[in-house]
Amino acid sequence: MATWILNGLVWNETTGETELKHIRIAEGVIAQIEDAAAGRPDTNGHDTIDANGKLVSAGFIDMHVHLREPGFEYKEDIASGTRSAAAGGFTTIACMPNTRPVTDTAETVRYILDKAASAGIVNVLPYAAITKNELGRELTDFAALKEAGAVGFTDDGVGVQNAQMMKDAMKLAASMNMPVIAHCEDDSLVVGAAVTEGKFAAANGLKGIPNESEAIHVGRDILLAEATGVHYHVCHVSTEQSVRLIRHAKQFGINVTAEVCPHHLILSDEDIPGMDANWKMNPPLRTPRDVQAVIEGLQDGTLDIIVTDHAPHSAEEKAKGMLLAPFGITGFETAFPLLYTRFVRTGRWTLGFLLQRMTSDPARVFGLQSGVLNVGAPADLTIVDLENEREVKPETFASKGKNTPFGGWKLFGWPTATIVNGSLVWSEQ
Ligand SMILES: NC(=O)N[C@@H](CC(=O)O)C(=O)O
Ligand SMILES: [Zn+2]
Ligand SMILES: [Zn+2]
């Protein structure tokens, strides 16, 4: 059976314009795209969804998320996490291996894929750990993990401290055409601090996390990527120094790509209102100068894609306060509205620029079929209301995590329906 999505505002990658279209989806793929000006198609016997002039985009892709299952289901699980993703317009998400047990065996990779197939409502791509238990001591069985369905290797949550270990991982990953995705953090430069070195830390008499703790790994790993030829992808870039190093590496033709999170594009340490753990994440909110640098990095192509680093924690954990609470904020349900409101509605970016960084660019970087609105592509689509302003209400999130610094913000650009493999998996109440 086919479904027609009628009167969708579609952004045309070739012309850079938006046009009103009717889209037919059948058997999980986009089967037909017609100009709405040519009139209503014959929808007899088919389902119809009237987009009523709302944006219809290729579904958003988020290559850095934490679903917390197995092991931390009190924070999030695959059912609640994929529902939260769908509510944010995401149709494909790649989940990090800092679960319990750590996703470091084929068995755990298969557990996540099976659970995603039975309880999940969007496409879930699991990453596997680089080192056993993410302890940095011994490599995992890359071949078995790839065979089980892992899409890349990462110890997200911690940096790989030993350079030889990282080099061995890159060599092995390169030999099997798999990417290495790095959380960049040198433990010897992090002294148990909760926020960045900067005005907030100084004003509150706190130790700060220095920019070099991130950038020193970026620099090291770029040299190792050059030596091994691996596809090296940098997680959640937050500092001016990292942007500079990645820009330089790309000029040299080194196979490096990078991601940036909405919060690092929008907030600095100077926005932190007080000792509230909803403003605590890793990497931390940096200085205004770093915010400017990551924006420029995204704009000039140094940073390739936008990811949320959706990192839900329980209310009890976050109530421990800025110093003791775990790092991380939820991301799915605010990402597009934040970026659309802050950068597109204000005229700084085109709609197409933002959509590309959340759809076709992640697909290109990680070799996925989705992320484009073309005939023959997977029918993973998002419908978004660009015109109505609404307040961020964390208590209404589909995610179990309510930990966000954006509560109360008034934003435009709310997803209203999400379609995965041709099926409507979520729609606004
Ligand atoms: N980003 C965070 O602040 N936290 C992440 C870990 C990580 O992404 O490094 C988490 O797992 O909670
Ligand atoms: Zn990380
Ligand atoms: Zn993460």
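Listing for the model above:
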{"quantity": "Tally, over the stretch 1-39, of residues that are part of a loop (DSSP other than H, G, I, E, B), surrounded by 13 or more Cβ atoms within 10 Å (Cβ to Cβ) and at pLDDT 95 or above", "calculated": "1"}
{"quantity": "Residue count for the stretch 270-291, restricted to those that are within 16 Å of ligand 2 (Cβ to nearest atom) and either under 16 Å from Ala202 (Cβ atoms) or outside the structural domain of Gly328 (by TED's automatic domain parsing) (or both)", "calculated": "3"}
{"quantity": "Strands (runs of 3 or more DSSP E) (entirely within the stretch 340-429) containing at least 1 residues that are touching a Pro at 6+ places or on another chain (Cβ under 6 Å)", "calculated": "381-385, 414-420"}
{"quantity": "Subset of the stretch 257-282 [in a loop (DSSP other than H, G, I, E, B) and farther than 19 Å from Phe332 by Cβ]", "calculated": "Ser268, Ile272, Pro273, Gly274, Met275, Asp276"}
{"quantity": "Of all residues in the stretch 126-157 being within 15 Å of ligand 2 (Cβ to nearest atom) and of a type in the set (Ser, Thr, Tyr), the one that is surrounded by the fewest Cβ atoms within 10 Å (Cβ to Cβ)", "calculated": "Thr131"}
{"quantity": "Flag if Arg357 is surrounded by 14 or more Cβ atoms within 10 Å (Cβ to Cβ) and either at pLDDT below 95 or of a type in the set (Lys, Arg) (or both)", "calculated": "yes"}
{"quantity": "Out of Glu147, Glu214, sole residue that is of a type outside the set (A, V, I, L, M), assigned to a helix (DSSP H, G or I), assigned by TED's automatic domain parsing to the domain that holds Gly328 and within 16 Å of ligand 3 (Cβ to nearest atom)", "calculated": "Glu214"}
{"quantity": "Check on Thr334, polar (S, T, N, Q), assigned by TED's automatic domain parsing to the domain that holds Ile266 and surrounded by fewer than 19 Cβ atoms within 10 Å (Cβ to Cβ)", "calculated": "no"}
{"quantity": "Verdict on Ala363 being buried (at least 19 other Cβ atoms within 10 Å of the Cβ) and of a type in the set (A, V, I, L, M)", "calculated": "yes"}
{"quantity": "Test: residue in the stretch 158-165 that is away from ligand 2 (no atom under 13 Å from the Cβ), in a loop (DSSP other than H, G, I, E, B) and under 16 Å from Gly136 (Cβ atoms)", "calculated": "yes"}
{"quantity": "Those residues of the stretch 231-257 which are crowded, with 20+ Cβ neighbours inside 10 Å, touching a Gly at 6+ places or on another chain (Cβ under 8 Å) and over 14 Å from Met281 (Cα atoms), in sequence order", "calculated": "His233, Val243, Leu245, Ile246"}
{"quantity": "Check on Tyr111, more than 21 Å from the chain's Cα centre (by Cα), of a type in the set (Ser, Thr, Tyr) and within 15 Å of ligand 1 (Cβ to nearest atom)", "calculated": "no"}
{"quantity": "Selected residue (criterion: nearest to Thr82 (Cα to Cα)) from residues of the stretch 114-155 that are of a type in the set (S, T, N, Q) and more than 19 Å from the chain's Cα centre (by Cα)", "calculated": "Ser118"}
{"quantity": "Conditions (1) within 16 Å of ligand 2 (Cβ to nearest atom); (2) under 25 Å from Phe72 (Cβ atoms); number of the one not met by Leu303", "calculated": "(2)"}
{"quantity": "Qualifying residue in the stretch 179-187 (condition: assigned by TED's automatic domain parsing to the domain that holds Asn162 and more than 16 Å from ligand 2 (Cβ to nearest atom))", "calculated": "no"}
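The values are calculated or read from the model by the stated rules, or taken from the named source; none is laboratory data. Given the structure is predicted, the values throughout are model-derived calculations rather than measurements. Here Cβ is always computed from backbone atoms with ideal geometry, including for glycine, and neighbour counts include all displayed protein chains.
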